[in-house]
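The values are calculated or read from the model by the stated rules, or taken from the named source; none is laboratory data. Quick caveat: nothing in here was measured; it's all calculated off a predicted structure. Using ideal geometry, Cβ is built from the backbone for each residue, glycine included, and neighbour counts are taken over all protein chains shown. Side chains are part of the model used for accessible areas, which takes the heavy atoms of the whole protein and leaves out ligands, DNA and RNA. Shrake-Rupley method; radii C 1.70, N 1.55, O 1.52, S 1.80 Å.
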Amino acid sequence: MKRREFLTAVAAIGLSSRGVALSTPTWQAGVATIDITPESSLWMAGFARRTLPSQGVAMPLHAKALALKCGAQPTAVLVTVDLLGVTARITGRVAALVQRRHGIRRADLLFNASHTHCGPVVDEQLSVAYDLSPEQWAAIRAYTVHLEDKLAAVIGSAVSRLRPARVAYAQDEARFAENRRVKFTPLGPVDHSVPVLRVDRAEGAPLAVVFGYACHNTTLQDTFVRYHGDYAGVAQAALEQRHPGTAALFVAGCGADANPMPRGTLELVEAHGTALADAVDRALKATSPIDPSLRTAYGTVDLPFAGEAARERWRSQLDVEEVYIRRHAALMKAAIARDGRLPTAQTDPVQVWRFGPPAPAGGIYARNGPPALAGGSRASYGETKEGSGFTLVALGGEVVVDYAFRLAREYPERRMWVAGYSNDVFGYVPSVRVLREGGYEGGDAMIYYGRPGPFAEGVEELIIGEVRRLAGNR
């Protein structure tokens, strides 16, 4: 055997051992990263108790874009940001700009925020929570405009770098998330799964790794006032250090009712981030190739707010400081003056990306069976039979874990990756169970998001119905 033939054979064996397809690649992929750390001190998002704006940078914040294309299908771009959330106004303006520049449809553009509470406030998100001067709000608006420009730029850069690639999927788990609604369900449901999308260059070198986890990105608390990506930022940085030349993108899951435990220090941030990166590395050793097919769909559903009687009960039972009630009342008064009434519903974006060919009928759970809705007995979705693909469902808002478990049960023949914090973070999205239990995620947090009250009980069925409509047989 000639030396070149021998080296080619060895390389092929190495790729095969990592579970990556050896056939001629028909996927194309491009990735780009941009720094979105504010250049000045801004108020930091997420904790109403903070008393200071940012006091420096502990870890840079980034936006990252992964462009994927197969054959004649349209280019799709996943955008991840180290922020508490994006708003519909931000994503709408960026999507319009990207469509004009690159012809990318809205269904083919997916935004997800890591939900770090150590990034800047953007747009007017959670405005009731903060006591800011007009000058501080002006600085936030200026940063938001700059952010939109950077998001459009990083998308364009990723699209311009499309090259032949191979794509694969795997799943592992990390155990530091705990359900935080112990007042209502001491052993509440937790999703420990770590889904992973691996993207390799045609010659086998890693290009990007996308990974998810369903847990609040809030190891650091309100007394920490430096920009930082929290455990998700640490995990991304660790993976990029371990795999030079690879971009790591974090996708926040349905973790609205889970917290990292323990938490409160930079040492714990490092520990959780390292544990998550370790789970990703384990998964990378066991990936299965995805046949080159990507179908996308995007829609919205109007989630109705509770009626006047329920809204009045909600107001009377709120256990918050008077200052937030006053700010909320002023915001509602302004809404009535502007529109003649309070809003009756919240528009919720729902997005479905189907990777690989349609799933075969009659698929079953190969290992663990369908995950339980409550009690925390199921750590992950288990493994399903879905040919060579999986389905990514991206939901707007801070979504509780019940949605991920329900969709896993409703589509047992598919591998389901369900993300929250996608396209618009407008408030908490409770399941009917959490809504009936009440509490912060069940409705109380709506005051900080400036919404008129809690949602009506039908929201879970509306969201699941929209997922069904978009998923269909695509």
Self-check item: All positions within the stretch 126-167 that are open to solvent by 10 Å² or more (accessible area, probe 1.4 Å), closer than 17 Å to residue 89 by Cβ and part of a helix (DSSP H, G or I)
Solution: 127, 137, 138, 141, 142, 143, 145, 146, 148, 149, 150
Exercise. Tell me which residues, restricted to the stretch 28-60, are within 20 Å of the chain's Cα centre (by Cα), open to solvent by 40 Å² or more (accessible area, probe 1.4 Å) and of a type in the set (S, T, N, Q).
Key: 33
Quiz item: Which numbered condition trips up residue 234, out of (1) buried (at least 22 other Cβ atoms within 10 Å of the Cβ); (2) over 30 Å from residue 41 (Cβ atoms)?
Solution: (2)
Quiz item: So which residues in the stretch 292-330 are without any contact (Cβ under 8 Å) to a residue 60 or more places away in the chain, part of a helix (DSSP H, G or I) and either closer than 21 Å to residue 125 by Cβ or open to solvent by less than 80 Å² (accessible area, probe 1.4 Å) (or both), if there are any at all?
Solution: 309, 326, 329, 330
Quiz prompt | Members of the stretch 420-440 that are surrounded by 24 or more Cβ atoms within 10 Å (Cβ to Cβ) and not polar (S, T, N, Q) | solution = 420, 421, 424, 425, 427, 428, 429, 430, 434
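When you scan the stretch 60-116, how many residues do you find that are outside any loop (DSSP other than H, G, I, E, B) and not aromatic (Phe, Trp, Tyr)?
37
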Quiz item: Quick check, is residue 270 of a type outside the set (Ser, Thr, Tyr) and farther than 15 Å from residue 82 by Cβ?
Solution: yes
Quiz item: Among the residues of the stretch 227-236, is any over 19 Å from the mean Cα position of the chain (by Cα) and either among the polar types (S, T, N, Q) or in a loop (DSSP other than H, G, I, E, B) (or both)?
Solution: no
Quiz item: Any idea which of 449, 421, 428, 403 is on the phi > 0 side of the Ramachandran plot and aromatic (Phe, Trp, Tyr)?
Solution: 421
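Rundown of residues vs (1) over 23 Å from residue 224 (Cα atoms); (2) among the polar types (S, T, N, Q); (3) open to solvent by 10 Å² or more (accessible area, probe 1.4 Å), yes/no style:
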position	(1), (2), (3)
62	no, no, yes
67	yes, no, no
73	yes, yes, yes
78	yes, no, yes
87	yes, yes, yes
96	yes, no, yes
103	yes, no, yes
Practice problem: State which residue is farthest from residue 162 (Cα to Cα) when the search covers only the stretch 198-224 and only residues that are open to solvent by less than 10 Å² (accessible area, probe 1.4 Å) and assigned to a strand (DSSP E or B). | Solution: 213
